[in-house]
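Visitor: Dropping a structure here in structure tokens format, bear with me for questions.
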Amino acid sequence: MSTDMPFNRRQISRELTRIANASVREVLNTIGDSVAPAAFRIGVTGPPGGGKSTLINALVRERLKDSTDTRLAVLAIDPSSPVSGGAILGDRIRMDAIADLPRLYLRSLSSRGARNGLCDNVVDLLTLLETHRFDEIILETVGVGQSEVAVHEVVDTLVVIVPPDAGDSVQTMKSGILEMADIVVVTKADQPGAQRMASDLAAVLRKQGDREVPVLQTEASGAGIDVLNAAIDAHRAWIADNHPETLTRENRRRYHLQALIDRQVHDALKADGDIARGTLTTSFDRLLKALRVQ
Ligand SMILES: Nc1nc2c(ncn2[C@@H]2O[C@H](COP(=O)(O)OP(=O)(O)OP(=O)(O)O)[C@@H](O)[C@H]2O)c(=O)[nH]1
Ligand SMILES: [Mg+2]
């Protein structure tokens with residue numbers, strides 16, 4: 001490991017693996033008392049194979065270019081389930097090209113078995129990264145279904161990508177993740193239909209109303225990435241002006257508490273095969289008792 005590395009990649013990887021497989025109590029023992037400052041979190045989400053990783057590749061370079069000391073982490077949640085299609089495309093971009101950039105930490109994690117598409121424990125992972133003093137974290141998730149709107153809760157700026165050939169999935173996204181978007185990007189803008197898709201999306205988002213959501217276009221060549229980068233900075237400035245930081249922190253804490261307690265309840269229900277016997281009241285009290293001793 002070279003000494004000019006600002007952080008120890010192997011140690012962070014080890015810690016992430018450990019916390020990804022930890023019990024709720026172990027999670028609390030690891031990050032429960034952390035007072036590390038929050039990182040600026042950017043979510044990049046959209047359909048499987050839509051061009052998320054390609055975009056992040058270029059975006060990372062652009063964001064690191066602007067400063068000499070920004071520490072940036074990328075966490076890619078790998079769907080790895082045949083249902084979502086992500087892992088079976090075969091041609092997915094791996095972010096090897098940027099993996100060695102100094103001041104960048106890159107990690108891909110499977111969401112197999114997670115109940116909400118995101119890793120159930122993604123907030124644990126993000127918080128752990130914050131204990132390593134990352135300034136920014138980019139989170140890649142596949143976002144097509146309703147459940148994926150959860151990503152909105154854990155990031156500051158949500159970039160929703162739509163490839164020109166998205167077709168039907170745009171209908172699904174309209175009532176879900178698109179409503180949560182802070183910035184919309186039509187990826188693969190070198191392909192036919194990109195301009196049309198961008199106009200359609202702009203029309204839909206204008207009707208949505210309350211805040212102007214930019215609709216941008218990017219290409220794997222890097223075209224449009226500078227504009228996206230500026231839009232992210234503009235949104236960050238907008239948040240700083242419009243959202244009190246303490247409120248954001250408290251909302252995030254609430255979300256984290258909910259995630260941990262959900263898991264605790266899930267584990268307790270699974271551990272007691274007899275929990276459903278008896279009346280609703282006796283089951284409920286038995287569950288509460290089990291939670292108290294965990
Ligand atoms: N023509 C064209 N192809 C692109 C562009 N960006 C990405 N692709 C291709 O689209 C495919 C998927 O790209 P990825 O960046 O892996 O997409 P992804 O959304 O991260 O995919 P998953 O993580 O598997 O959901 C790859 O074959 C890319 O080469 C682009 O701007 N133009
Ligand atoms: Mg990807």
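Visitor: Looking only at the range 2-54, count how many residues are touching a Pro at 6+ places or on another chain (Cβ under 8 Å) and acidic (D, E).
Guide: Matching residues across the range 2-54 total 1.
A quick yes/no check of all residues on (1) more than 13 Å from ligand 1 (Cβ to nearest atom); (2) under 17 Å from the mean Cα position of the chain (by Cα); (3) buried (at least 22 other Cβ atoms within 10 Å of the Cβ); (4) part of a loop (DSSP other than H, G, I, E, B):
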{"position": "I161", "(1), (2), (3), (4)": "no, yes, yes, no"}
{"position": "A166", "(1), (2), (3), (4)": "no, no, yes, yes"}
{"position": "M173", "(1), (2), (3), (4)": "yes, yes, yes, no"}
{"position": "Q195", "(1), (2), (3), (4)": "yes, no, no, no"}
{"position": "S199", "(1), (2), (3), (4)": "yes, no, no, no"}
{"position": "V204", "(1), (2), (3), (4)": "yes, no, no, no"}
{"position": "A220", "(1), (2), (3), (4)": "no, no, no, yes"}
{"position": "A237", "(1), (2), (3), (4)": "yes, no, no, no"}
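Visitor: Another question, if that's okay. Quick one: is E136 over 27 Å from V24 (Cβ atoms) and either at pLDDT 90 or above or under 15 Å from the mean Cα position of the chain (by Cα) (or both)?
Guide: Criteria met by E136.
Visitor: Which ones in the range 30-57 are open to solvent by 20 Å² or more (accessible area, probe 1.4 Å), within 16 Å of ligand 2 (Cβ to nearest atom) and not hydroxyl-bearing (S, T, Y)?
Guide: Result: P48, G49, N57.
Visitor: Of everything in the range 217-257, what is aliphatic (A, V, I, L, M) and either farther than 25 Å from D135 by Cα or at pLDDT below 90 (or both)? Give them in sequence order.
Guide: Across the range 217-257, the qualifying residues are A220, A223, L247.
Visitor: I would also like to ask the following. Quick check on my filter: what residues within the range 1-60 are in contact with a Gly (Cβ under 6 Å, 6 or more places away or on another chain) and part of a loop (DSSP other than H, G, I, E, B)?
Guide: P48
Visitor: Scan the range 273-294 for residues that are loosely packed, with under 14 Cβ neighbours inside 10 Å, of a type outside the set (K, R) and farther than 23 Å from V123 by Cβ and jot them down.
Guide: G273, D274, A276, G278, T279, L280, T281, T282, F284, D285, L288, V293
The values are calculated or read from the model by the stated rules, or taken from the named source; none is laboratory data. Predicted, not measured: the structure shown is a model, and the values here were computed from it. Methodologically, a virtual Cβ is constructed for each residue, glycine included, from the backbone with ideal geometry; neighbour enumeration extends over all protein chains shown. Side chains are part of the model used for accessible areas, which takes the heavy atoms of the whole protein and leaves out ligands, DNA and RNA. Shrake-Rupley method; radii C 1.70, N 1.55, O 1.52, S 1.80 Å.
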